[in-house]
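The values are calculated or read from the model by the stated rules, or taken from the named source; none is laboratory data. Everything numeric here is computed off the predicted structure, so don't read it as measured data. Glycine gets a Cβ as well: all are built from the backbone with ideal geometry, and neighbour counts include every protein chain shown. All accessible areas refer to the heavy atoms of the entire protein, side chains included, with ligands and DNA or RNA removed. Shrake-Rupley method; radii C 1.70, N 1.55, O 1.52, S 1.80 Å.
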Amino acid sequence: MENVQRESMEVDVVIVGAGPSGLSAAIRLKQLAAEKGQDIHVTVLEKGSEVGAHLLSGAAFEPRALNELIPDWKEKGAPLNTPVTEDRFLFLTEKSSFKLPTPPQMHNDGNYIISIGELGKWLAEQAEAMGVEIYPGFAAAEILYHEDGRVKGVATGNMGVAADGSHKDSFEPGLELHAKQTIFAEGCRGHLSKMLMEKFDLRKDCDPQTYGIGVKEIWEIPAEQHKRGLAVHSVGWPMDSKTYGGSWMYHYGDNLVSIGFVVGLDYQNTYLHPFKEMQRFKTHPDIKKYLEGGKRISYGARALSEGGYQSMPRLTFPGGVLVGDAAGFLNTPKIKGNHTAMKSGMLSAEAVFEAVAGDQAEAVSYTEKYKNSWLHEELYTARNIRPGFHKGLYAGLAYAGLDTYILRGKAPWTFKNHADHTQLKPAKDCTPIEYPKPDGVLTFDILSSVFLSNTNHAEDQPCHLKLKDPSVPVQQNLPIYDEPAQRYCPASVYEIIQGDDGQPKFQINAQNCVHCKTCDIKDPAQNINWTVPEGGGGPNYTGM
């Protein structure tokens, strides 16, 4: 950050990110303060233009953590309005499908099909009613440290900086928030969380994190094709048997369908295009029959942490903690991470409250609270399912059956996870994939999709997608991998174009970025560093 004069604000706890984990932490902190007859100053920073603007999830929501946090959520009007009434699990071939038994982890009895963005807004209302201060449109861009190395808080990014680094007339310096404890709830691959993991060596004793990219659309479909409460999941086509991936389709609300496709980012074929796999998936007869005659109304994409138990970093460090998907609390076999994110936020709040009250440098009890909770048990039991697919779809399904029905998650071994960026094969060893052209009715191009995400960034600002070495895309990634950034990005941010000199040039269309973080994860050279743009930039999701 530039050396500019910044104002500062003293708080007890600052929370980076107004998602399920961050807001649950804020609410629990206020609950604890009320129980003790004390006051605690809690501030939440949210980089989106409003709470929920950057939240994206399937989402078949398990209310377990919400029941604990706000037992009277129904009376308070939580937006959980569509109970799941039926589960289906399909194995798809190109033209047909086979119904498989729904694994116990994927049963949705007692769960609800929701918009996580709407739930986020409601949680924010509950938090604000308790005195939590929430500042949307303010992106935490820098970690502040005490002289002894403890985290002191964060600073928001400067506003009104031109692409060349000069200050525009609208320039406003960032704000420093100094806190006794800072809770980092940035979601998957949070850029500040990544810095903290490196500085404090938080990943020293765990496996690499592994990820997926989820591409989602919301459709409004004809009433006669709508099955309110139906939850359908699939594996198989269009993925090949070596690639981890699958889909969801949730019928909810008034003739709405949430449909999405997840591709494991440890895929090997450099020609694979996750966005186009999603479009191809919708042409399957068992999917197409629900969407025909309907209208696509929303689009978005987000990476998700799939490593689970064995990829969990150390959760605490001097001055702060990691919560939610920033730490990797998603339960991949269950295809759910919102209830686990909320529980991690609640547990962290209890530890942080103790640290603030006792003037402790580190909220050390958070780890113990996690280990003694149902959250730890749930992730431990599920730990071997995702890495069981490293040998392919059929081996993965066979092992999942063994682990689920016979071993019941209690195997005396724990499989290892691998880093996704190391799995990509050179282009010479891969077969190009022929994708059908979009028809504009059922399947679509990327740019018309990004338009539906309401993505917007101030035009004249520094590029938030930083290349460690600008020569790598053309000189290394292009000849070896046919530059995979052209394909793994679900927003056409990265292109190889012909420069004025007739040579290939790597172009970054940062204004398209939907903040999914896939580039930061999958780039084989680990050359792209995703950082926050000016506050309020990015997608403005509605109902996702």
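Computed quantities for the displayed model
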| read-out | value |
| --- | --- |
| Long-range neighbours under 6 Å by Cβ, at least six apart or interchain, first residue more than 18 Å from G117 (Cβ to Cβ) and modelled with pLDDT of 95 or more within segment 60-86, second polar (S, T, N, Q) and not in a helix (DSSP H, G or I) | V84/N108; V84/N111 |
| Segment 302-320, residues that are under 21 Å from G246 (Cα atoms), out of contact with any Lys or Arg (no Cβ under 7 Å at 6 or more places or on another chain) and open to solvent by less than 10 Å² (accessible area, probe 1.4 Å) | S305, G307 |
| Close pairs (7 angstrom Cβ cut-off, 6 or more residues apart or separate chains): without any contact (Cβ under 8 Å) to a residue 24 or more places away in the chain and more than 22 Å from G17 (Cα to Cα) in segment 503-519, of a type in the set (A, V, I, L, M, F, W, C) and crowded, with 21+ Cβ neighbours inside 10 Å anywhere | N509/V493 |
| Single condition R189 does not satisfy, out of (1) part of a loop (DSSP other than H, G, I, E, B); (2) of a type outside the set (G, A, S); (3) under 30 Å from R383 (Cα atoms); (4) without any contact (Cβ under 8 Å) to a residue 60 or more places away in the chain | (4) |
| Hits in segment 154-178 - residues which are open to solvent by less than 10 Å² (accessible area, probe 1.4 Å), within 19 Å of G22 (Cα to Cα) and more than 23 Å from the chain's Cα centre (by Cα) | L177 |
| Count of residues meeting criterion [of a type in the set (D, E, K, R), over 18 Å from G246 (Cα atoms) and touching a residue at least 60 places away in the same chain (Cβ under 8 Å)] in segment 363-403 | 1 |
| Filter result (basic (K, R) and within 12 Å of A382 (Cβ to Cβ)) within segment 299-356 | K334, K336 |
| Complete set of residues in segment 159-189 that are in contact with a Phe, Trp or Tyr (Cβ under 6 Å, 6 or more places away or on another chain) and within 20 Å of A327 (Cβ to Cβ) | none |
| Hey, I480 open to solvent by 10 Å² or more (accessible area, probe 1.4 Å), without any contact (Cβ under 8 Å) to a residue 24 or more places away in the chain, at negative phi and β-branched (V, I, T) or not | no |
| Odd one out for E459, checked against (1) touching a residue at least 24 places away in the same chain (Cβ under 8 Å); (2) surrounded by 14 or more Cβ atoms within 10 Å (Cβ to Cβ) | (2) |
| Qualifying strands (runs of 3 or more DSSP E) (wholly inside segment 13-112; at least 3 residues being open to solvent by less than 50 Å² (accessible area, probe 1.4 Å) and out of contact with any Pro (no Cβ under 6 Å at 6 or more places or on another chain)) | 42-46, 86-92 |
| Subset of segment 513-535 (residues that are under 18 Å from the mean Cα position of the chain (by Cα) and open to solvent by 20 Å² or more (accessible area, probe 1.4 Å)) | N529, T531, V532 |
| Members of segment 136-149 found to be within 27 Å of the chain's Cα centre (by Cα) and over 26 Å from G52 (Cβ atoms), listed by number | L144, Y145 |
| Enumeration of residues in segment 342-363 that are open to solvent by 10 Å² or more (accessible area, probe 1.4 Å), among the small types (G, A, S) and not in a loop (DSSP other than H, G, I, E, B) | A357 |
| Meets criteria (over 24 Å from T455 (Cα atoms), acidic (D, E) and under 22 Å from the mean Cα position of the chain (by Cα)) for E292 | no |
| Which listed residue, of L452, L465, is touching a helix residue (DSSP H, G or I) at 6+ places or on another chain (Cβ under 6 Å) and surrounded by 13 or more Cβ atoms within 10 Å (Cβ to Cβ) | L465 |
| Candidate set from segment 420-474 (those that are more than 30 Å from G502 (Cα to Cα) and aliphatic (A, V, I, L, M)); member that is nearest to the chain's Cα centre (by Cα) | L452 |
| In segment 180-213, the residues that are touching a His at 6+ places or on another chain (Cβ under 9 Å) and over 21 Å from W530 (Cα atoms) | D207 |
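Yes or no, residue by residue, for (1) farther than 30 Å from L45 by Cβ; (2) without any contact (Cβ under 8 Å) to a residue 24 or more places away in the chain; (3) charged (D, E, K, R); (4) out of contact with any helix residue (DSSP H, G or I) (no Cβ under 9 Å at 6 or more places or on another chain):
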site: Y211; (1), (2), (3), (4): no, no, no, no
site: K216; (1), (2), (3), (4): no, no, yes, no
site: I221; (1), (2), (3), (4): yes, no, no, no
site: K242; (1), (2), (3), (4): yes, no, yes, no
site: V257; (1), (2), (3), (4): yes, no, no, no
site: V263; (1), (2), (3), (4): yes, no, no, no
